[in-house]
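Below you'll find the structure, written out as structure tokens, and then a few comments.
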Amino acid sequence: MKEILRLSMVLAIVGCLAGLALSSVYSLTRQQILFQEEQAIFSAQKALFPEAEEFRPLEIESLVLGSVRIDSAYEALDADKTVKGLLINARTPGYGGMIVFVVGFDLEKQLRGVQVTSQSETPGLGANVSKKSFLDQFINKSIEDPFEVKNDVKAITASTITTKAIVQGIRSSIEWLQSNDMGGTS
């Protein structure tokens with residue numbers, strides 16, 4: 001009985017030390033992780049609106065539309081503070097985890113494009129969701145288009161789930177845009 005009690009105490013101490021070490025590492029790296037995420041979003045915004053001098057955040061609450069979560073929205077402003085378009089940061093569940101992306105809209109109800117900032121899809125298959133060759137098909141696409149896989153959206157080979165996930169994310173972003181009449185785009 002004493003041996004079981006001693007082993008239980010040792011296990012409890014080891015568990016507490018491991019938990020303390022894990023929380024310390026999390027505390028040390030959390031700020032860097034947040035900084036990297038912000039940099040990825042800024043890079044995506046700049047890729048979609050290279051002429052923008054500023055990306056002004058809009059005051060919105062995070063919203064879930066189906067399986068898609070709209071995290072934030074920004075106006076793209078030029079040097080004269082003229083609105084050039086709107087950017088929506090969102091996430092959608094893919095095959096291997098969450099796909100985090102930015103979709104940009106110009107003032108003529110056209111997509112500026114889509115940039116994936118984070119994904120954990122299968123390498124060589126669903127991970128192609130981040131590739132220019134896939135994302136370029138969304139450039140200058142009208143928000144009035146149907147956005148249907150195998151109709152007006154070319155699927156990623158052997159990755160229909162991933163393709164449908166990003167398309168649903170874009171559709172939800174358009175739905176949010178239209179229901180909020182933001183930036184003069186709807």
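We did not get these values from a lab; they are worked out from the coordinates using the rules stated. The structure displayed is predicted, hence computed values, not measured ones. Virtual Cβ from ideal backbone geometry, glycine too; neighbours counted across all protein chains shown.
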Taking the mean number of other Cβ atoms within 10 Å as a proxy for protection, how do you rank 133-144, 162-173 from highest to lowest?
162-173, 133-144
The simple spin-label model distance between Lys132 and Ile4, using points 7 Å out along Cα→Cβ, in nm, is 6.6
Picking from Pro123, Thr163, Ile139, whose Cα lies most toward the positive end of the charge dipole for the chain (charges on Cβ: Lys, Arg +1; Asp, Glu -1)?
Pro123
D (µm²/s, integer) via Stokes-Einstein for segment 58-186, Kirkwood Rh across alpha-carbon pairs, 25 °C, 0.890 mPa s: value 167
Taking only Cα atoms, what is the 0 to 90° angle, nearest 10, from helix 2-48's long axis to the longest principal axis of the chain?
20
Find the lysine pairs in the chain meeting two conditions, Cα atoms under 16 Å apart and a separation of 8 or more places or different chains, and report how many there are.
13
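I need the calculated FRET efficiency for the pair Asp80 and Thr157, taking r as the beta carbon distance and R₀ as 41 Å, to the nearest 0.05. Intermediate results must be reported in sequence, preceding the final value.
Working: r = 44 Å, r/R0 = 1.08.
According to the calculation, E is roughly 0.40.
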Between the DSSP loop rule and a limit of at most 14 other Cβ atoms within 10 Å, which GluC sites (Glu not before Pro) in segment 52-104 are left?
Glu53, Glu59, Glu61
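Within the set of other residues whose C-beta is less than 15 Å from the C-beta of Glu75, count the net charge using Lys and Arg as +1 and Asp and Glu as -1.
Numbers: positive: Lys46, Arg56, Lys81, Lys84, Arg112; negative: Glu51, Glu53, Glu54, Glu59, Asp78, Asp80, Asp106, Asp181.
Its environment carries a net charge of -3.
Dipole size in debye (nearest 20) for segment 50-180 around its Cα centre, Lys and Arg Cβ +1, Asp and Glu Cβ -1?
Working: 14 positive and 18 negative charges, 121 e Å.
Charge dipole of segment 50-180: 580 debye, to the nearest 20.
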First select every other residue whose beta carbon is under 14 angstrom from the beta carbon of Ile156; then total the charges, Lys and Arg +1, Asp and Glu -1.
+3
How big, on average over all directions, is the shadow cast by the Cα convex hull of segment 1-132, in nm²?
12.7
